Amino acid sequence: MKSKKFMMMVACIALLTSCGGKRGGMPNFGDNEYPVQTAQVQSTSMQTTFPATIKGVQDVEIRPKVAGFITRVCVKEGQSVGAGQLLFVIDNETYQAAVRQAQAAVNTATAQCNTAKLTFENSQQLFENKVIGSFELESAKNTYQSAQAQLAQAKAALASAKETLSFCYVKSPAAGVVGSLPYKVGAMVSSGSVPALTTVSNISSMEVYFAVSEKEMLTLSKTAGGANAAISNYPPVKLQLADGTMYGHEGKVMKASGVIDAATGSVQLIAHFPNPERLLKSGGSGSIIVAKDDNTAIIIPQSVVSEVQNKKFVYVVGNDNKVKYTEITVDPQTDGNNFIVRSGLKAGDKYVTNGITKLSDGMEIKPITPEQYQKKIDESAKVGTDGSAKGFVDAMSGKK
């Protein structure tokens with residue numbers, strides 16, 4: 001019998017303990033008592049993140065002006081080159097022959113021009129001695145002028161042939177770093193080849209492109225007194241690299257696009273970043289981070305906010321202790337725990353912090369402080385886990 005009684009007592013204790021566990025943490029006080037907090041202005045540092053694309057200050061696609069087979073590749077990928085440095089050589093036998101032909105034409109035209117000059121000078125002497133008439137003199141003069149024109153035309157053709165020949169020697173138009181080299185020796189290339197022979201990027205400093213909304217740009221422009229002033233006053237920006245690390249140098253916004261992207265409703269901004277270590281590469285990606293201090297922020301926990309159809313609400317307590325279901329707007333940037341309220345709640349307003357699921361608009365409550373609320377929870381939990389089971393054990397064991 002003692003054993004059976006003991007087993008019944010253990011089962012009942014387990015049952016009570018289970019029930020008490022479910023009630024643990026539920027405060028044992030009036031249903032209309034709710035913790036209330038007063039909204040206060042605080043200082044906070046906010047960060048706004050924008051997707052970004054990295055480009056060199058000068059990215060030049062290298063394309064040949066003439067068609068032909070590549071006979072030499074004079075650089076390697078990633079090599080630093082100077083302006084005018086030779087990059088590629090294209091087969092130039094045909095163009096050298098054209099230069100020689102043009103040079104021969106110049107020689108012929110020069111000889112003809114010299115002959116015409118002698119004839120004209122001789123005709124002048126004969127005319128002065130009244131051996132020939134003006135017709136013969138004018139004819140000699142016209143022949144000489146025609147020979148001069150033919151010589152000039154031959155020289156122009158030679159210059160053009162030499163320039164075309166020079167196009168076979170593809171040189172870098174600017175200083176920078178050589179990109180990929182998709183073509184090897186023997187490849188046939190032309191001005192329309194896709195992709196280009198290579199890209200030379202000036203990466204001493206980098207341009208980082210990111211976009212802000214049209215609304216934000218308008219706000220900045222109105223506040224600063226114009227778009228140019230808004231760019232000048234834009235705070236320094238930081239760059240988060242693709243691996244999540246922060247780039248070691250700050251950037252400065254230098255310019256903005258003059259048009260708004262109709263598809264996205266955004267304005268593109270361009271920030272310059274120094275690149276002394278050449279860590280940044282043209283074509284890379286990352287995120288621009290803009291830090292902004294706000295000394296008038298109202299910050300509330302996300303747990304006090306209810307959300308309905310993408311709208312956010314809090315219960316604001318009036319002077320008559322009745323709650324009002326109030327819509328608020330918050331900053332899209334959050335830390336995961338709190339909201340920064342932009343409208344709907346002002347400093348000095350009181351809002352309910354716990355039990356909002358039990359409230360309804362216009363309901364009258366008895367406000368208590370969060371500390372009082374927590375104290376009642378602790379007391380209720382203590383009674384639920386200790387008092388009930390202990391009293392039952394005492395009763396079952398016959399203790400008074």
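The values are calculated or read from the model by the stated rules, or taken from the named source; none is laboratory data. Please read all numbers here as calculations on a predicted model, not as lab measurements. Every residue, glycine among them, receives a Cβ derived from its backbone with ideal geometry; neighbour counts consider all protein chains shown. For the accessible areas, the whole protein counts, side chains as well, though only heavy atoms, and no ligand, DNA or RNA atoms are used. Shrake-Rupley method; radii C 1.70, N 1.55, O 1.52, S 1.80 Å.
Quick rundown of the values:
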| quantity | calculated |
| --- | --- |
| Highest-fluctuation residue, 202, 275, 295 considered, GNM on the chain with Cα pairs under 10 Å | 295 |
| Most mobile of 289, 203, 299 in a GNM of the chain (Cα contacts under 10 Å) | 299 |
| Packing-based order for 124-134, 91-101, using average beta carbon neighbours within 10 Å, highest first | 91-101, 124-134 |
| Around residue 189: net Lys/Arg minus Asp/Glu count, Cβ-Cβ under 14 Å | +2 |
| Accessible area (Å², per residue) of the chain, counting only protein heavy atoms and a probe of 1.4 Å | 60 Å² |
| Estimated FRET transfer efficiency when R0 is 22 angstrom, pair residue 44-residue 308 (beta carbons, to 0.05) | 0.25 |
| Potential extension, residue 364-residue 63 segment - 0.36 nm per residue separation minus Cα distance | 100.6 nm |
| Total charge dipole magnitude, the chain, about the Cα centre, Cβ charges on Lys, Arg, Asp, Glu only, Debye to nearest 20 | 1460 debye |
| Heavy-atom accessible surface of the chain: percent carbon and sulfur, 1.4 Å | 53 percent |
| Simple label model, 7 Å out from Cα along Cβ direction - residue 372 to residue 324, nm | 2.3 nm |
| In range of the label at residue 148: residues from region 90-110 whose backbone nitrogen is under 20 Å from the point 7 Å along Cα→Cβ | 106-110 |
| Farthest toward positive dipole pole in the chain [+1 Lys/Arg, -1 Asp/Glu at C-beta], among 56, 146, 367 | 367 |
| Helix 134-166 vs. the chain, principal-axis angle (Cα, 0 to 90°, nearest 10) | 30 degrees |
| Among 264, 274, 242 the positive-end extreme of the charge dipole of region 229-293 (Cβ point charges) | 274 |
| Residue (of 87, 220, 304) at the positive-pole extreme of the chain, dipole from beta-carbon charges | 304 |
